[in-house]
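Read through the structure below, which is laid out as structure tokens, and then see the notes.
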Amino acid sequence: MPSYRQLGTLPPKRHTRLARDVEESHLGEGLYYEHVVTTEGFERAYSILYHLRPPTRVRQVELVERVEPQAAEDQPLRHHHLRAGQLPREGDPIVGRVPLLFNDDLVCYRALPQEPQKELYRNGAADEVIFVNEGRGVVETPFGRLPYRRGDYVVIPRTVTYRIVSEAIEREDHLVLEVFSPVRIPARYQNEDGQLLLGAPYYERDFHSPAELVTVDDASDTPILIKDGPRLSRVVMAHHPFDVVGWDGFTYPYTFNAWDFEPLTGTVHLPPPYQQTFECGGFVICTFAPRHLDHHPEAIKVPYAHSNVEADEVLFYVEGNFNSRRGVDVGSLTLHPGGIPHGPHPGTIKASEAATRTEEMAVMFDTFRPLKLTAQAMAIDDPEYPTSWLD
Ligand SMILES: [Fe+2]
């Protein structure tokens, strides 16, 4: 998790009264209501919020539906290129998400919404990483307003209710990872005092938490769509849940922009762990940001062919002319399963000889358990891709 942050009004000591004017008090108890949000039981990062009303005032609950990703029919083991930039716009930024790849650790969706988010949403069982391929706006949360822009990883810990408010919904384009373990900054980037090391590829200032707290005092019934695994429920609260007057702690929604990643380059090619950005249970997320290329006079400047036999590798192409690939578009995904080698396309080694920099931007996730493709993924699968390495 990023470092300690605080916003708004807090009592000097935790778990003590934060008094309010009784005249103002809606329930007449003369205090704000403490709410502790913990992770891994009570053992890891947590935050403490103070509400106008108790966060437990549920009016009504209903089961909405089950939304389980469905695996496509069995495919031979092969590489895949999913033309995921060509998906039609549909739905809102939450219910319009299209599942493409999944295993027991994550579900990967593309979202190209055509209408604003209809109701408040919360994922009760997974952290979410929303990579903003295109778009700009604000994520409204109980922790305050979190601005986002192109290239942001928006990381929303489980149980945080939110609404995406876009400046132009018809331009929004997201890659969404629903992550069934905590999304963390790799421990090897932090010193024993919890600070990011001087040699880490980013610094605390690159992580942006909500900057503006908006306390909504509204006693109207407010529905929240809640997802936990495949189950969607709707809870109607007896008030608006964004009624926080102050919070502090280590767990909160935040953004990190991919263009703020500080890539390392060597004399010869450095492997993906140098690009690691986030650590999750069963997989890692890496950022391939614009960078200088390897500078040994005989260096081959595109990655060698490799069999990463214990990982499935997914690349999402964001910007640039991907030196080692042919025929992939911005917005595409490739899946290179661990059981077969992949490498640079013919001609790309020669073509990169004179290059000193690459302006490409791509997001990668490497999963330690095999990924399954959905029927929606197979509908945009490029059948020519597995044989695209022939001369
Ligand atoms: Fe690779």
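Stretching the chain fully between Val268 and Trp389 yields a gain of 41.2 nm (0.36 nm per residue, less the alpha carbon separation). Between Val236 and Val309, the distance separating the two model label sites (each 7 Å from Cα on the Cα→Cβ line) works out to 5.8 nm.
Working from label points 7 Å from Cα in the Cα-to-Cβ sense, the Ser220 to Glu90 distance is 3.1 nm.
When the chain is treated as a GNM with alpha-carbon contacts under 10 Å, the residue of Arg158, Arg14, Arg171 showing the greatest mean-square fluctuation is Arg14. When the alpha-carbon atoms of segment 261-387 are used, the pair Rg, Dmax equals 14.6, 46 angstrom. Between Val67 and Ile340, residue separation times 0.36 nm minus the direct Cα-Cα distance comes to 95.1 nm.
The count of lysine pairs in the chain whose Cα atoms are under 30 Å apart, excluding pairs fewer than 8 places apart on the same chain, comes to 4.
Where a ≥ b ≥ c are the square roots of the eigenvalues of the C-alpha gyration tensor, would you call the chain rounded, which needs a/c under 1.5, or, failing that, prolate if a/b is larger than b/c, or oblate? Because a/c hits 1.5 or more and a/b exceeds b/c, the chain counts as prolate. Shape index of segment 131-230: Rg/Rh, with Rg the Cα radius of gyration and Rh the Kirkwood radius from the inverse mean 1/r over Cα pairs, equals 1.00. Here the relative contact order of the chain, from alpha carbon pairs under 8 Å that lie six or more residues apart, stands at 21 percent. Projecting the Cα atoms of Gly282, Leu77, Gly41 onto the dipole axis of the chain, where Lys and Arg carry +1 and Asp and Glu carry -1 at the beta carbon, places Gly41 farthest toward the positive end. Positive contributions from Lys and Arg (+1) and negative ones from Asp and Glu (-1), summed over other residues with Cβ under 14 Å from the Cβ of Arg357, come out at -3.
Normalised by the number of residues in segment 261-387, the average gap of Cα pairs under 8 Å and 6 or more apart makes the relative contact order 31 percent. For the chain, the 222 nm mean residue ellipticity estimated from helices alone, with every DSSP H stretch of n ≥ 4 adding -39500 (n - 2.57) and the total spread over all residues, rounds to -500 deg cm²/dmol. Let me spell out the model: positive unit charges on the Cβ of Lys and Arg, negative unit charges on the Cβ of Asp and Glu, origin at the Cα centre of segment 261-387. What dipole size does that give, in debye rounded to 20? It comes to approximately 120 debye. Given the options Pro113, Pro76, Pro210, state which has the largest fluctuation in a GNM of the chain using a 10 Å cut-off (strictly under) for Cα springs. For the chain, modelled as a Gaussian network with Cα springs under 10 Å, the answer is Pro76.
Using the count of nearby Cβ atoms within 10 Å as a rough guide to exposure, how do Asp243, Asp312 rank from fewest to most? Walk me through the numbers before you get to the answer.
Details: Asp243 24, Asp312 21.
Exposure proxy ranking, most exposed first: Asp312, Asp243.
GNM on the chain, C-alpha springs below 10 Å: top fluctuator among Tyr148, Tyr274, Tyr317? Looking only at Tyr148, Tyr274, Tyr317, the largest GNM fluctuation is found for Tyr274. Stretching the chain fully between Arg17 and Asn321 yields a gain of 103.7 nm (0.36 nm per residue, less the alpha carbon separation).
Here, each number is a calculation from the coordinates, and none is a lab measurement. This structure is a prediction, so every number in the text was calculated from the model and none was measured. Methodologically, a virtual Cβ is constructed for each residue, glycine included, from the backbone with ideal geometry; neighbour enumeration extends over all protein chains shown.
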